[in-house]
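The values are calculated or read from the model by the stated rules, or taken from the named source; none is laboratory data. Everything numeric here is computed off the predicted structure, so don't read it as measured data. With ideal geometry, Cβ positions are generated from the backbone for all residues, glycine too; neighbour counts draw on all protein chains shown. To get the accessible areas, we keep the full protein, side chains included, count just its heavy atoms, and leave off ligands, DNA and RNA. Shrake-Rupley method; radii C 1.70, N 1.55, O 1.52, S 1.80 Å.
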Amino acid sequence: MAGSLLTPVQQRGREALERLGLPTRREESWRLTDLGRLQRFADLPIASGAVHPGELPPAASGVLRLVLDGVADPLADVTLPSGLSVLEPIELEQALGHTLDRCGCADAWPVELNHASCHQVLALRGRGELPPLELVICGGTGLSTTRVLLLLEESAHLDLFQVVLGTGASAHSHVLEAHLGQDARLNHGCLATATGESSLLAHVAVEQEPRSHYAFTSVVQGWSFGRLEPRVVQVDGQARTELRGLAISAAEQQMATHSAVRFDGPDGELDQLQKCLASGRSHAIFNGAIQVPRDAQRTNAAQLSRNLLLSERARIDTKPELEIIADDVRCAHGATVSQLQDDELFYLRSRGISADAAASLLLRGVCQEVIDQLPDAALPWSPLQRVMEGMSP
């Protein structure tokens, strides 16, 4: 699982945190962050003891479920299916951190925090057509730290569904690295929901070889303070990336999504849709960076940010960042910030639907476009119902 292999990683993380200190607003990626909440996150004690997440819905048929809390062994008493195996220590030593380096985030503050406090890593290799995999990530009071490394070999195919659960004063630091070999396909979904004063810092780093296909759908709601950072690099181009995100904030919450996609070769594709819904006095942030260097000719990238303000005091900041040096590309982006449309609400109310029910119907439609892209393993979790209940006053 890890053991002594993580000792130098932990030491590196602690030294880096001492050197870096807390991020400041002089750093562009942290300019809008509530640094007081980040400081409280950093000051939390490490959660101790294995945590049971409580009653979970039964996993979907044929889905392998693993529970990660940063303490107990998620593979205890588990028989892995054919095609899925645990990395040998020497393989883990060689692969751990490689994709973080390639994606340019190995020394990011949230990653170094994870380095400093993580005591185990779930490291798996996938071959061929794999059964669906579900990872349930949970923790108790204090900071729970989890880390996953996934290597998909050439032509491997996996549906991966992650559930992150937050309650009370829990906090999660999570890092996932995934390497996709040629022609590999990873359909990756994440449902992260919380109640109370829970906080989340999550990094997803993905490295794609030619003709691979990576689809990432994230649904994040209920975190008092949250930051999700998906980072993807197409190492030689000729790959396809799809990013779908739904981030919902309410009350005094702050939820940020910072994505980055880099094309290091020609004929790469990106299709990205990010939605933010903010109500109460909450603050939603989206920053989407796309890098197209000179070698990435014939790149076809599209990014769309669609946002809904659901109260007068809510705030949404959205910022596309396109760095395009190649001259033979198709790159498009768009961003909108709006409210529920009066004409749509009027139409529903004219059919005898109450104002609250009409607003709920419209919000369901906004959310469902992203939620429908989650892997089938999400169905027992009723993600749309969970999100809508979380949005209720």
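Do you know which residues across segment 265-288 are farther than 28 Å from residue 326 by Cβ and not aliphatic (A, V, I, L, M)?
275, 276, 279, 280, 281, 282, 283, listed by residue number.
Being open to solvent by less than 50 Å² (accessible area, probe 1.4 Å), over 14 Å from residue 106 (Cα atoms) and either of a type in the set (S, T, N, Q) or over 24 Å from the mean Cα position of the chain (by Cα) (or both) is the filter here; which residues of segment 10-35 pass it?
Matches in segment 10-35: 21, 24, 33.
State all residues of segment 182-192 that are open to solvent by 10 Å² or more (accessible area, probe 1.4 Å) and touching a strand residue (DSSP E or B) at 6+ places or on another chain (Cβ under 9 Å); if no residue qualifies, say none. So that I can check it myself, show each step before the final result.
Initial filter on segment 182-192 (open to solvent by 10 Å² or more (accessible area, probe 1.4 Å)): 182-183, 185, 187, 190.
183, 185, 187, 190 - these are the residues of segment 182-192 that are open to solvent by 10 Å² or more (accessible area, probe 1.4 Å) and touching a strand residue (DSSP E or B) at 6+ places or on another chain (Cβ under 9 Å).
Suppose we keep only residues that are without any contact (Cβ under 8 Å) to a residue 60 or more places away in the chain and part of a loop (DSSP other than H, G, I, E, B) within segment 150-168. Which one would you say is most open to solvent (accessible area, probe 1.4 Å)?
Residue satisfying both the conditions and the ranking: 154.
Restricting the search to segment 307-326, which residues are in a strand (DSSP E or B) and either closer than 23 Å to residue 271 by Cβ or touching a Phe, Trp or Tyr at 6+ places or on another chain (Cβ under 9 Å) (or both)? Let's see the steps before the verdict.
Within segment 307-326, the subset in a strand (DSSP E or B) is 307-309, 315-324.
The answer is 307, 308, 316, 317, 318, 319, 320, 321, 322, 323, 324.
Report, by residue number, each residue of segment 275-302 that is among the polar types (S, T, N, Q), under 20 Å from residue 28 (Cα atoms) and open to solvent by less than 30 Å² (accessible area, probe 1.4 Å).
The answer is 287, and nothing else.
Please find, among 63, 86, the residue that is under 30 Å from residue 132 (Cα atoms), touching a Phe, Trp or Tyr at 6+ places or on another chain (Cβ under 8 Å) and at pLDDT 95 or above.
Values: 86 fails: touching a Phe, Trp or Tyr at 6+ places or on another chain (Cβ under 8 Å).
Checking each option against the conditions leaves just 63.
Is it true that residue 206 is surrounded by 24 or more Cβ atoms within 10 Å (Cβ to Cβ), in contact with a Cys (Cβ under 8 Å, 6 or more places away or on another chain), at pLDDT 95 or above and over 19 Å from residue 120 (Cα atoms)?
Values: surrounded by 24 or more Cβ atoms within 10 Å (Cβ to Cβ): yes; in contact with a Cys (Cβ under 8 Å, 6 or more places away or on another chain): yes; at pLDDT 95 or above: yes; over 19 Å from residue 120 (Cα atoms): yes.
Yes; evaluated as a whole, the condition is true for this residue.
Every residue in segment 7-54 that is more than 27 Å from residue 258 (Cα to Cα) and either of a type in the set (A, V, I, L, M, F, W, C) or modelled with pLDDT of 95 or more (or both), please.
50, 51
Just to be sure before I move on: is residue 330 surrounded by fewer than 16 Cβ atoms within 10 Å (Cβ to Cβ), at pLDDT 90 or above and in contact with a strand residue (DSSP E or B) (Cβ under 6 Å, 6 or more places away or on another chain) in the structure I sent? Talk me through it step by step, then tell me what you get.
Details: surrounded by fewer than 16 Cβ atoms within 10 Å (Cβ to Cβ): yes; at pLDDT 90 or above: yes; in contact with a strand residue (DSSP E or B) (Cβ under 6 Å, 6 or more places away or on another chain): yes.
Yes, satisfied.
Right, residue 94: open to solvent by 40 Å² or more (accessible area, probe 1.4 Å) and over 19 Å from the mean Cα position of the chain (by Cα) or not? Quick ask: steps written out before the conclusion?
Working: open to solvent by 40 Å² or more (accessible area, probe 1.4 Å): yes; over 19 Å from the mean Cα position of the chain (by Cα): yes.
Yes; evaluated as a whole, the condition is true for this residue.
Evaluate the following for residue 177: is it charged (D, E, K, R), open to solvent by less than 10 Å² (accessible area, probe 1.4 Å) and either modelled with pLDDT under 95 or closer than 19 Å to residue 91 by Cα (or both)?
Taking the combined requirement at face value, the residue satisfies it.
Starting from residues that are buried (at least 22 other Cβ atoms within 10 Å of the Cβ) and aliphatic (A, V, I, L, M), keep the ones in segment 213-232 and report whichever is nearest to the chain's Cα centre (by Cα).
The qualifying residue nearest to the chain's Cα centre (by Cα) is 228.
Quick check on my filter: what residues within segment 105-159 are closer than 26 Å to residue 377 by Cβ, in contact with a Leu (Cβ under 6 Å, 6 or more places away or on another chain) and charged (D, E, K, R)?
Within segment 105-159, just 125 meets the criteria.
Name the one entry in 113, 68, 122 that is surrounded by fewer than 22 Cβ atoms within 10 Å (Cβ to Cβ) and hydrophobic (A, V, I, L, M, F, W, C).
Step by step, each of 113, 68, 122 is checked, and only 122 is surrounded by fewer than 22 Cβ atoms within 10 Å (Cβ to Cβ) and hydrophobic (A, V, I, L, M, F, W, C).
Would you please name the residue that is nearest to residue 214 (Cα to Cα), looking only at residues in segment 261-306 that are out of contact with any Asp or Glu (no Cβ under 9 Å at 6 or more places or on another chain) and of a type in the set (S, T, N, Q)?
This residue is 274.
Pick out the one residue from 373, 339 that is open to solvent by 70 Å² or more (accessible area, probe 1.4 Å), within 25 Å of residue 60 (Cβ to Cβ) and modelled with pLDDT of 70 or more.
373
Does segment 235-246 contain at least one residue that is of a type in the set (S, T, N, Q) and touching a residue at least 60 places away in the same chain (Cβ under 8 Å)? Walk me through how you get there before you give the answer.
Here is the first cut: in segment 235-246, the ones of a type in the set (S, T, N, Q) are 238, 241.
The next check asks that each one be touching a residue at least 60 places away in the same chain (Cβ under 8 Å); those that pass are none.
No; the residues of segment 235-246 include none that is of a type in the set (S, T, N, Q) and touching a residue at least 60 places away in the same chain (Cβ under 8 Å).
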